[in-house]
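S.K.: Provided herewith is a single structure, encoded as structure tokens, for subsequent inquiry.
The values are calculated or read from the model by the stated rules, or taken from the named source; none is laboratory data. This structure is a prediction, so every number in the text was calculated from the model and none was measured. Cβ atoms come from the backbone with ideal geometry, glycine included; neighbour counts cover every protein chain shown. Surface areas here come from the heavy atoms of the whole protein model, side chains and all, with no ligands, DNA or RNA. Shrake-Rupley method; radii C 1.70, N 1.55, O 1.52, S 1.80 Å.
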Amino acid sequence: MQPEVRRVCCAVGSCVRSACAAAWAMGRRARGRRFQQPPQPEGEEDGSDGSRKRGQEGWEGGYPEIIKENKLFEHYYQELKIVPEGEWDQFMGSLREPLPATLRITGYKSHAKEILHCLKNKYFKELEDLEVDGQKVEVPQPLSWYPEELAWHTNLSRKILRKSPLLAKFHQFLVSETESGNISRQEAVSMIPPLLLNVEPHHKILDMCAAPGSKTTQLIEMLHADMSVPFPEGFVIANDVDNKRCYLLVHQAKRLSSPCIMVVNHDASSIPRLTVDVDGRKEILFYDRILCDVPCCSGTVCCVNLRSTLSLQLRIATRGAEQLAEGGRMVYSTCSLNPVEDEAVIAALLEKSEGALELADVSAELPGLKWMPGVSQWKVMTRDGQWFADWQEVPQGRHTQIRPTMFPPKDLDKLQAMHLERCLRILPHHQNTGGFFVAVLVKKAPMPWNKRQPKVQSKSAQARDPKASNTVAATKGNPSDQSELESQMITGAGDSEAAQTTENTESNEKKDGVCGPPPSKKMKLFGFKEDPFVFIPEDDPLFPPIEKFYALDPSFPRMNLLTRTTEGKKRQLYMVSKELRNVLLNNSEKMKVINTGIKVWCRNNSGEEFDCAFRLAQEGIYTLYPFINSRIITVSMEDVKTLLTQENPFFRKLSSEAYSQVKDLTKGSVVLKYEPDSANPDTLRCPIVLCGWRGKASIRTFVPKNERLHYLRMMGLEVLGEKKKEGVILTNESVASPEQPEEEDAKQTAQDPCNPDSVPGCDPGAAEPSR
């Protein structure tokens, strides 16, 4: 990358939010880069006089030293007075320092408390008295405002992590747990919007600008707050306009193994309006919660035309408000401190809503978070430092770049009624974070150009079955005709579906449960061609052998099973929630779906020999387990250690209880379940469910390597290495008391090897491939 590209251009009033992965792994000086080039205010073209002097090449990679000064930036924000008096030096000093690395423990998994216990009592304790190059290492601290101490921040850089063996172990732990989906590395302020959405498991959620996916994973965790419910009634539709970034989003979401997430690829400002089937009739899908984290003039792009960015932000926010259910909540957020991108957008949205939207007072929702209230007065400045306090002052020649919506409303009564002070502005120096802006909007009535719409679903709308979600939540209010609802859309809202009628949407449902990619030629001009989503028919002969082999509960939602092929053998079976199935079947023609569903079964090449052609997949075992009534082996903690550290342990190496269960089973896929021992508080306190394979004389697990390491760490074992030929993972226990191989073991190994043909993915250390 060229030095000029790495030098971040900073728009007037823009505040850089460093990417969370880069901030953790690279230790980049994200905030310091904001001041490397004069900002690009409204109404001016980008220019370069080529006379900027380079510093000495002291930065890593031979790049010039970063000059963290921008007088115009300082002049702009000092004039706006968004920084309290007497705090300017701290504000600027914070911007010149690197962002601390932050991590978040995934809150919905039952292992979250075990991970937190492991971090606090093992890794963090080892850092307390540690020195590297004569400097005391700072111990990570919890974010005071994040619930249950599930988010932490540290100033440890990648370089420091590699200087000490103890820190190297800590770094390895973080990398491994991140890959397993148990820890997310995420910038602190980006954790705020999902928390303020106040998500409940039954909510239908739209994440409009979702990539790279850190906020999306938070939303998924909130849906799965109760892990005893495999299929929450709610779901997340995560959208991004960039096709390539959608696959990064898929990677992030897949780590959480949820059947309630769908990734789509659309322009957020014109994201299609979806329909669902409710009691045999088509109804428009309105979302209970919408996250609107819009692009802004910051990061690595010069904001040459702020008007274009402001217009996009307003169109995205408007489109979100249109699709929000009455009584629902939408969070608008940016990584900018500029009122033109923050309060100006909110004011314009509130004004056009004519009372349908209002700002919520969330001042008490995150105790411990320091923030500044939104401003109600601001000015606009050009590149040459010319100020305009009102639209009337703007010369005619600048009207194409500076627009009336960039200024505060002129009607003071209307401005006061907006309560812009309810917006939150996070200043970097208050809690050593990036700069951020958040506004929480509640929908009180339909938008003026919409006549009627359903209200947000009540939590007590219906009883919830812990094993399956039975129905799509019926929305309150009278059913609305789509043509009436969308006939009065405002100009420029980008609603490509506005003229569609209910009759048109009925043709969107694909026959035989096949949901292919959209037929639009325009959609096929970019991105990859996605495989279709094919739901398994009710009379498909593929399912009865599976149902019998695993003794599936009658409540198992078989209609939610799908594959990704219409031809040949079905090699993988995926599962989605009933609500997402409804969305897929009714919107495949208008929606570009990148990915949905979790893998629950994989075909064995010679599976018919074992009474069932499909083995269990670890990716979906926590979703599938509540419905399985057969082939379950209860194991002890010592059994789990044996199964995870040895590739093909023989039956006799298991406890007597486990041996008695496994010896009478036929060959094939099995479930290995560990339940905590309430009488022994020193053992692992969270349940574990693993996929296994019962061979002729041995048993093995099909668990990805990082997940194996996760469970071993939770049981207090330190992984020291791996003997790949023997398929053995070395731990501190195995090194301390090595087990001598016996002649009988060698004979049985030759007689009962792992058969790659009958059991795909024979390498226990390799993660199962996901589509």
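S.K.: Right, residue 109: at pLDDT below 90, within 24 Å of the chain's Cα centre (by Cα), in a helix (DSSP H, G or I) and farther than 15 Å from residue 140 by Cβ or not?
M.R.: For residue 109, the condition - at pLDDT below 90, within 24 Å of the chain's Cα centre (by Cα), in a helix (DSSP H, G or I) and farther than 15 Å from residue 140 by Cβ - is not met.
S.K.: Any residue in region 153-165 that's within 16 Å of residue 186 (Cβ to Cβ) and of a type in the set (Ser, Thr, Tyr): show its pairings with residues that are in a strand (DSSP E or B) and modelled with pLDDT of 75 or more at Cβ separation under 6 Å, as long as the two are six or more apart or on different chains.
M.R.: As it stands, the answer is 154/101, since those pairs meet every condition given.
S.K.: Another question, if that's okay. Looking for whichever is at pLDDT 90 or above, within 18 Å of residue 102 (Cα to Cα) and not basic (Lys, Arg) here; the options are 223, 167, 249, 195. Which one fits?
M.R.: 195
S.K.: Of the residues 307, 315, 273, which single one is among the basic types (Lys, Arg) and touching a strand residue (DSSP E or B) at 6+ places or on another chain (Cβ under 9 Å)?
M.R.: Exactly one of 307, 315, 273 is among the basic types (Lys, Arg) and touching a strand residue (DSSP E or B) at 6+ places or on another chain (Cβ under 9 Å), namely 273.
S.K.: When only residues in region 314-338 that are at pLDDT below 95 and within 23 Å of the chain's Cα centre (by Cα) count, which is nearest to residue 266 (Cα to Cα)?
M.R.: 335
S.K.: Go through region 122-140 and give me each residue that's surrounded by 14 or more Cβ atoms within 10 Å (Cβ to Cβ) and in a strand (DSSP E or B).
M.R.: Residue satisfying the conditions is 132 alone.
S.K.: Restrict the check to region 331-354 and report whether at least one residue is touching a strand residue (DSSP E or B) at 6+ places or on another chain (Cβ under 8 Å) and closer than 30 Å to residue 228 by Cα.
M.R.: Checked region 331-354: at least one residue is touching a strand residue (DSSP E or B) at 6+ places or on another chain (Cβ under 8 Å) and closer than 30 Å to residue 228 by Cα.
S.K.: Restrict the check to region 269-285 and report whether at least one residue is surrounded by 24 or more Cβ atoms within 10 Å (Cβ to Cβ), small (Gly, Ala, Ser) and in contact with a Ser or Thr (Cβ under 7 Å, 6 or more places away or on another chain).
M.R.: Scanning region 269-285 turns up no residue that is surrounded by 24 or more Cβ atoms within 10 Å (Cβ to Cβ), small (Gly, Ala, Ser) and in contact with a Ser or Thr (Cβ under 7 Å, 6 or more places away or on another chain).
S.K.: Still on this model: Looking for whichever is open to solvent by less than 40 Å² (accessible area, probe 1.4 Å) and either touching a Cys at 6+ places or on another chain (Cβ under 6 Å) or without any contact (Cβ under 8 Å) to a residue 24 or more places away in the chain (or both) here; the options are 382, 334. Which one fits?
M.R.: Testing whether each residue is open to solvent by less than 40 Å² (accessible area, probe 1.4 Å) and either touching a Cys at 6+ places or on another chain (Cβ under 6 Å) or without any contact (Cβ under 8 Å) to a residue 24 or more places away in the chain (or both) leaves just 334.
S.K.: Now for a separate question. Looking only at residues that are assigned to a helix (DSSP H, G or I) and in contact with a Lys or Arg (Cβ under 7 Å, 6 or more places away or on another chain) in region 636-658, which one is nearest to residue 609 (Cα to Cα)?
M.R.: Here the answer is 651.
S.K.: Check whether at least one residue in region 659-666 is out of contact with any helix residue (DSSP H, G or I) (no Cβ under 7 Å at 6 or more places or on another chain), free of Cβ contacts under 8 Å to residues at least 12 places away in the same chain, acidic (Asp, Glu) and not in a helix (DSSP H, G or I), and report yes or no.
M.R.: Scanning region 659-666, I find at least one residue that is out of contact with any helix residue (DSSP H, G or I) (no Cβ under 7 Å at 6 or more places or on another chain), free of Cβ contacts under 8 Å to residues at least 12 places away in the same chain, acidic (Asp, Glu) and not in a helix (DSSP H, G or I), so the answer is yes.
S.K.: Only one of (1) more than 26 Å from residue 716 (Cβ to Cβ); (2) in a helix (DSSP H, G or I) is not met by residue 602, so which one is it?
M.R.: Result: residue 602 passes all but (2).
S.K.: Could I ask something else about it? What is the number of the single condition among (1) open to solvent by 10 Å² or more (accessible area, probe 1.4 Å); (2) part of a loop (DSSP other than H, G, I, E, B); (3) not aliphatic (A, V, I, L, M) that residue 612 does not meet?
M.R.: The one condition residue 612 does not meet is (1).
S.K.: Scanning region 392-403 for residues that are over 22 Å from residue 72 (Cα atoms) and free of Cβ contacts under 8 Å to residues at least 24 places away in the same chain, which turns out least open to solvent (accessible area, probe 1.4 Å)?
M.R.: 399
S.K.: For residue 183, indicate whether it is more than 26 Å from residue 144 (Cα to Cα) and either at pLDDT 95 or above or surrounded by 19 or more Cβ atoms within 10 Å (Cβ to Cβ) (or both).
M.R.: Spelling it out, it is not the case that residue 183 is more than 26 Å from residue 144 (Cα to Cα) and either at pLDDT 95 or above or surrounded by 19 or more Cβ atoms within 10 Å (Cβ to Cβ) (or both).
S.K.: Which condition from (1) open to solvent by 10 Å² or more (accessible area, probe 1.4 Å); (2) among the β-branched types (Val, Ile, Thr); (3) assigned to a strand (DSSP E or B) is the one that residue 229 breaks?
M.R.: Residue 229 satisfies every listed condition except (3).
S.K.: Still on this model: Could you say whether any residue in region 318-325 is closer than 21 Å to residue 427 by Cβ and either of a type in the set (A, V, I, L, M) or not in a helix (DSSP H, G or I) (or both)?
M.R.: Within region 318-325 (the criterion being closer than 21 Å to residue 427 by Cβ and either of a type in the set (A, V, I, L, M) or not in a helix (DSSP H, G or I) (or both)), the answer is no, since none of the residues qualifies.
S.K.: Check residue 145 against each of (1) open to solvent by 70 Å² or more (accessible area, probe 1.4 Å); (2) in contact (Cβ under 8 Å) with a residue 12 or more places away in the chain; (3) more than 23 Å from residue 682 (Cβ to Cβ) and name the one condition it does not meet.
M.R.: (1)
S.K.: Within region 667-714, how many residues turn out to be more than 32 Å from the chain's Cα centre (by Cα), surrounded by fewer than 19 Cβ atoms within 10 Å (Cβ to Cβ), within 21 Å of residue 653 (Cβ to Cβ) and not aliphatic (A, V, I, L, M)?
M.R.: The number of residues fulfilling the criteria is 3.
S.K.: For region 431-444, does any single residue satisfy the condition of being in contact with a Lys or Arg (Cβ under 6 Å, 6 or more places away or on another chain), at pLDDT 95 or above and under 24 Å from residue 376 (Cβ atoms)?
M.R.: Among the residues of region 431-444, at least one is in contact with a Lys or Arg (Cβ under 6 Å, 6 or more places away or on another chain), at pLDDT 95 or above and under 24 Å from residue 376 (Cβ atoms), which makes the answer yes.
S.K.: Additional query: Please work out if residue 409 is farther than 30 Å from residue 325 by Cβ and surrounded by 13 or more Cβ atoms within 10 Å (Cβ to Cβ).
M.R.: Criteria not met by residue 409.
S.K.: Consider residue 303 against the criteria (1) modelled with pLDDT under 95; (2) in a strand (DSSP E or B): it satisfies all of them except one. Which criterion is unmet?
M.R.: (2)
S.K.: Let me ask you something else. Go through region 189-226 and count every residue that is more than 16 Å from residue 334 (Cβ to Cβ) and among the small types (Gly, Ala, Ser).
M.R.: 2
S.K.: Go through (1) open to solvent by less than 60 Å² (accessible area, probe 1.4 Å); (2) of a type in the set (Asp, Glu); (3) without any contact (Cβ under 8 Å) to a residue 24 or more places away in the chain one by one and return the number of the condition residue 647 breaks.
M.R.: Result: residue 647 passes all but (3).
S.K.: Turning to a different aspect of this structure: If I ask for residues that are touching a Gly at 6+ places or on another chain (Cβ under 7 Å) and not polar (S, T, N, Q), which ones from region 586-607 would you list?
M.R.: Within region 586-607, 598, 599, 600 meet the criteria.
S.K.: Right, here's the next one. What do you reckon, is residue 582 buried (at least 20 other Cβ atoms within 10 Å of the Cβ) and modelled with pLDDT of 95 or more?
M.R.: Answer is yes for this residue.
S.K.: Taking region 265-292, which residues are outside any strand (DSSP E or B) and not small (Gly, Ala, Ser)?
M.R.: 265, 266, 267, 271, 272, 273, 274, 279, 285, 286, listed by residue number.
S.K.: Hey, any hits in region 110-121 for a residue that's farther than 15 Å from residue 152 by Cβ and either of a type in the set (Phe, Trp, Tyr) or surrounded by fewer than 20 Cβ atoms within 10 Å (Cβ to Cβ) (or both)?
M.R.: Yes, region 110-121 contains at least one residue that is farther than 15 Å from residue 152 by Cβ and either of a type in the set (Phe, Trp, Tyr) or surrounded by fewer than 20 Cβ atoms within 10 Å (Cβ to Cβ) (or both).
S.K.: Also: Can you pull out the residues in region 339-368 that are under 26 Å from the mean Cα position of the chain (by Cα) and either crowded, with 24+ Cβ neighbours inside 10 Å or assigned to a helix (DSSP H, G or I) (or both)?
M.R.: If the condition is that a residue be under 26 Å from the mean Cα position of the chain (by Cα) and either crowded, with 24+ Cβ neighbours inside 10 Å or assigned to a helix (DSSP H, G or I) (or both), then 341, 342, 345, 346 are the ones that fit.
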